[in-house]
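Q: Dropping a structure here in structure tokens format, bear with me for questions.
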Amino acid sequence: MIWIIDASIAVRWFIEEEAHTHAEDVLEKVIDRPGRFAVPELFAFEVFSVLHRLHPNGLEAFRKGILPLLQGGIFRQPMTESLAVKANTFINLGLTGYEACYAALAMDLKGIWLTFDAQAHSLIRKKKISWFLEKEMPPGWPG
């Protein structure tokens, strides 16, 4: 199983008020087994932007915390026509363009999108390609 990491997870690694034990569990496994994880390329831009808004030293947090993970074996998917077509299906279900890219990547890789976004997860719950991490880790974690 490949796990798609949402930006909502990565932000919890750096913002104390947002910290969550399940986000920490994900980070531990990403460090240990990066090849089991993937992100759409927009992940880096999204996390960079949020860290600059919420972290006292966003650039340094990004440099020391996110870049090594991105360069350490996580699969990074650029936007392609195929991904855009799949993402459009999820936009039609009510996801934003960003959320739709995570969902499309999960569908494409036959993985699970891990997220703290309850609304996005609820919109596509029946597709069985996302998991809301607030209460519990997904079955088969880390797989």
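Any read-out appearing in this document is the output of simple, stated calculations on the displayed coordinates, not a laboratory observation. Model, not experiment: these values are computed from the prediction. Counting neighbours? That spans all protein chains shown, and the Cβs are built from the backbone with ideal geometry, glycine included.
Q: At a threshold of 8 angstrom on Cα-Cα distance, excluding pairs fewer than six apart, so keeping six or more, what relative contact order does the chain reach in percent?
A: 29 percent.
Q: What distance in nm separates the simple spin-label points at Leu59 and Lys126, each placed 7 Å from Cα in the Cβ direction?
A: The answer from the label model is 4.8 nm.
Q: Follow-up question, since we're still on this one. Principal axes first, then extents: for the Cα atoms of the stretch 3-132, list largest minus smallest coordinate on each axis, whole Å, largest first.
A: Largest first, the stretch 3-132 extends 37, 27, 23 Å along its Cα principal axes.
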